[in-house]
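Colleague: Just dropping this structure here.
The values are calculated or read from the model by the stated rules, or taken from the named source; none is laboratory data. If you're wondering where the values come from, they're calculated on a predicted model, not measured in any experiment. Neighbour counts run over all protein chains shown; Cβ positions are idealised from the backbone, glycine included. Just so you know, the surface numbers come from the protein's heavy atoms only, side chains and all, with ligands and any DNA or RNA stripped out. Shrake-Rupley method; radii C 1.70, N 1.55, O 1.52, S 1.80 Å.
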Amino acid sequence: MAKKQRSADKSAVKGRRRRNGQNRFGMFCLILQTILSLAFMGVLVLLNMLPVRYLAMIAMFLVFFWCITLSTQLPRKKRALGGRIFSLVMVGVLSLGTFYIAEANNMIGMITGGNYQVNNIVVAVLADDPAESIEDAADYNFGVQFSRGAENMQAAVTDIQEELGSDINMTEYDSVQEQAEALHDGDVEAIIYNAAYTDLLEESFDGYSDSVKIIYSHSIRVELNFGTSGSDDSLTKEPFTVYISGIDVYGEVTEISRSDVNIIAVVNPTTHQILLVTTPRDYYVEIPGESNGEKDKLTHAGIYGIDASMATLGQLYETDINYYVRLNFTSMIDIVDILGGVDVESEYAFTTSKNAGVVMDVEKGMNHFDGEEALAFSRERKNLPDGDNQRGKNQQAVITAMLKKVLSPTMLLKASSIMNQVSKDVETNVTQGQLNALIRNQLGSNAKWTIQSVAAEGTGARDYCYSSGDQLLYVTVPDYGSVNDIIDLVNIVEEGGILEEAESLN
């Protein structure tokens, strides 16, 4: 009898220990859930993207879930095991949620606040030259030009001389075209120039890039000081204009380069209207502060920096442009694919050429494109009845289709993937606070946006360009009647009027 009593006592002790251990584990789960709930709310508040009412609703749900866990862990509750399982599930969900929201905040930080651009100064020799590095060319005569970008050129020369430990022999020319000619004629053995001029040299010398090799590169970071001084909510209250710059398909986003896509978006956040204005890349215009009254192709303005392109378009359309978004247009492939493709309206039926990247038949009317097809549609101009003018309109059609898809509620499920891709290939000088405020304002109001797309028109011609010396190049002479019509539309949006031909985005 005594043995049975001792056995019962041992079993009771073990039972109490087991229950105490389970209770301690239950309380540990409750404490962990509490900490992660607070952390989750903390990152949401720091993200500063959700309206207050959304934050309040999320906080109420978290408190409700916490109360469920608490009630199951009170003494003598039979649902303790279920409560612990529920708490562990909540811990997992909150952990993942906190991580992904923090990641989203970091990705937005990577996209926003861009306030610099990079000049890449290179040294080139002929392709069959034995020199493979700048040290091999120490005794060479270098062709240089200081008439454009003198400060950056001097910085590169100084860096080369410091690396070699001695001064270099230099012959000065008036343009990069003269430099390249001197190199090919044997008057100099190497030339120093901004890599942004490479496409200009290709226009002057057929096959230029294949005829030379780069033996040295020096990157110079140039700060941009405009557009980011407004308050976080400034873009939700007053109209603003954004320059959308698409560089050539091989360029780095931050590197100075010709801009093949030149679109300005005039946005009124109170009337919820967007005016997209595209300008042909070959538009024959002045580059304020650079071309001294001479005219040049719009695309060449990008050689002197994104601020030069913004000033050029601002002067053309008589508006202030303080914000930009620059992207490598090939990033469209990945972004469109993440969106699940886009539905794009085409004004014409045509077949894209090999130069567009993908040969495909485009139907007049609605087309569904994947990423590569959307890029080909955006790049094609040879097989279009109006060439580059129509290409600009097609680019607008793709951007409009992407905006419609992004504003779709179903895209919330892909928000993380979209931001992850965009953070790799897109940069803007809109600050993180301003972008967050825009998103918060849209989530809070669920506003219905309208958009209208217009394109500047012109006629083809051949003329001299500021950046190309005495070489005649193809240009698009502006139709100032169409330019004045666009100025009127810009004024309507900025002054709070209603665009008569705008279509709904959502």
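Colleague: At 1.4 Å probe size, what's the solvent-accessible area of GLU163? Round to the nearest 10 Å².
Modeller: 90
Colleague: How charged is the neighbourhood of ASN441? Take every other residue with its Cβ under 14 Å from the Cβ of ASN441, and add Lys/Arg as +1 and Asp/Glu as -1.
Modeller: Once positives and negatives cancel, what remains is +1.
Colleague: With +1 on the Cβ of every Lys and Arg and -1 on the Cβ of every Asp and Glu, and nothing else charged, how large is the dipole of the chain about its Cα centre, in debye rounded to the nearest 20?
Modeller: 7760
Colleague: Viscosity 1.567 mPa s, temperature 4 °C: Stokes-Einstein D of segment 420-462 from its Kirkwood Cα radius, in µm² per second?
Modeller: Translational D for this selection: 91 µm²/s.
Colleague: To continue, here is another question. Tell me, what is the FRET efficiency for ASN225 and LEU32 to the nearest 0.05, using R0 = 41 angstrom and their Cβ-Cβ distance as r?
Modeller: The pair ASN225/LEU32 has a calculated efficiency of 0.30.
Colleague: Then there's this: State the dimensionless ratio Rg/Rh of segment 444-485 (Rg: radius of gyration of Cα atoms; Rh: Kirkwood radius).
Modeller: 1.34
Colleague: So what's segment 30-109 giving for Cα Rg divided by 2.2 N^0.38 Å, two decimals?
Modeller: Rg over 2.2 N^0.38 Å, computed on Cα atoms: 1.21.
Colleague: Taking the Cα atoms only, what angle lies between the long axis of helix 176-185 and the longest principal axis of the chain, rounded to 10 degrees?
Modeller: With both axes taken from Cα atoms, the answer is about 70 degrees.
Colleague: Could you order TYR480, TYR216 by accessible surface area, starting with the largest, using a probe radius of 1.4 Å?
Modeller: TYR480, TYR216
Colleague: Still on this structure, please answer the following. State the dimensionless ratio Rg/Rh of segment 121-239 (Rg: radius of gyration of Cα atoms; Rh: Kirkwood radius).
Modeller: Looking at segment 121-239, the ratio lands at 1.15.
Colleague: Could you tell me how far the Cα centroid of segment 280-337 sits from the Cα centroid of segment 56-72, in Å?
Modeller: Taking the Cα centre of segment 280-337 as reference, the centre of segment 56-72 is 52 Å away.
Colleague: Taking a threshold of 32 Å on the Cα-Cα distance, which of the pairs LYS213/LYS354; LYS237/LYS364; LYS295/LYS448 fall above it?
Modeller: The pairs that break the limit, which is 32 Å between Cα atoms, are LYS237/LYS364; LYS295/LYS448.
Colleague: Still on this structure, please answer the following. Can you give me the relative contact order of the chain as a percent, contacts being Cα pairs under 8 Å and 6 or more apart?
Modeller: Dividing the mean separation by the residue count of the chain yields 17 percent.
Colleague: Suppose accessible area is computed on protein heavy atoms with a 1.4 Å probe; arrange HIS300, HIS368 from highest to lowest.
Modeller: The most accessible residue leads, giving HIS368, HIS300.
Colleague: Quick check on segment 117-262: of the DSSP beta bridges with both residues there, what percent are antiparallel, nearest 5%?
Modeller: 70
Colleague: Note the per residue figure in Å³ for the convex hull of the C-alpha positions in segment 139-181.
Modeller: Spread over its residues, the Cα hull of segment 139-181 gives 62 Å³ apiece.
Colleague: Apply the Debye scattering formula to segment 39-187, with a single equal point scatterer on each alpha-carbon and no solvent, then give log10 I(q)/I(0) at q = 0.11, 0.13 Å⁻¹.
Modeller: -0.63, -0.74
Colleague: Would you calculate a helix-derived [θ] at 222 nm for the chain, using -39,500 (n - 2.57) for each DSSP H run of n ≥ 4 and dividing by the full residue count, to the nearest 500?
Modeller: Rounded to the nearest 500, the figure is -15000 deg cm²/dmol.
Colleague: Taking Rh as the Kirkwood radius, which is the inverse of the mean 1/r over Cα pairs, what is the Rg/Rh value for the chain?
Modeller: Reported Rg/Rh (Cα atoms, Kirkwood Rh): 1.14.
Colleague: Computed FRET efficiency, Cβ-Cβ of PHE205 and VAL477, R0 25 Å: what is it to the nearest 0.05?
Modeller: 0.45
Colleague: Could you give the nm distance between label points at GLU294 and ASP232, where each point is 7 Å from its Cα heading toward the beta carbon?
Modeller: Rounded to a tenth, the inter-label distance reads 4.8 nm.
Colleague: At 1.4 Å probe size, with no ligands or nucleic acids counted, give the accessible surface of ASP337 in Å², nearest ten.
Modeller: Here the residue's solvent-accessible area equals roughly 80 Å².
Colleague: Same structure, new question: Taking Cα atoms, how many degrees apart are the long axis of helix 306-317 and the longest axis of the chain, rounded to 10 and kept between 0 and 90?
Modeller: 70
Colleague: In square angstrom, what is the accessible area per residue of segment 272-329 with a 1.4 angstrom probe?
Modeller: Per residue, segment 272-329 has an accessible area of 28 Å².
Colleague: In degrees, nearest 10, range 0 to 90: what is the angle between the Cα axis of helix 150-164 and the longest Cα principal axis of the chain?
Modeller: Value to nearest ten degrees: 80.
Colleague: Heavy atoms of the protein only, probe of 1.4 Å, neighbouring chains included. What is the accessible area of LYS213 in Å², nearest 10?
Modeller: Ignoring ligands and nucleic acids, LYS213 comes out at about 40 Å².
Colleague: I've got another one for you. Tell me which chymotrypsin sites (Phe, Trp or Tyr not before Pro) from segment 334-413 have a DSSP coil assignment and no more than 15 other beta carbons within 10 Å of their own.
Modeller: Passing sites in segment 334-413 are TYR348.
Colleague: Report the local net charge at MET360: Lys and Arg +1, Asp and Glu -1, summed over other residues whose C-beta lies under 13 Å from its C-beta.
Modeller: Every neighbour counted, the sum reads -4.
Colleague: Let me ask another. Any chance you could tell me what percent of the C-alpha pair distances in segment 104-189 go past 20 Å?
Modeller: 45
Colleague: Let me ask something additional. Determine the percent antiparallel among the DSSP beta bridges restricted to the chain, to the nearest 5.
Modeller: 70
Colleague: Using heavy-atom solvent-accessible surface (probe 1.4 Å) with all chains present, what is the largest-first order of THR400, THR431?
Modeller: THR431, THR400
Colleague: Report, to one decimal in Å, the Kirkwood hydrodynamic radius for segment 234-374 based on all distinct Cα pairs.
Modeller: It is 16.7 Å.
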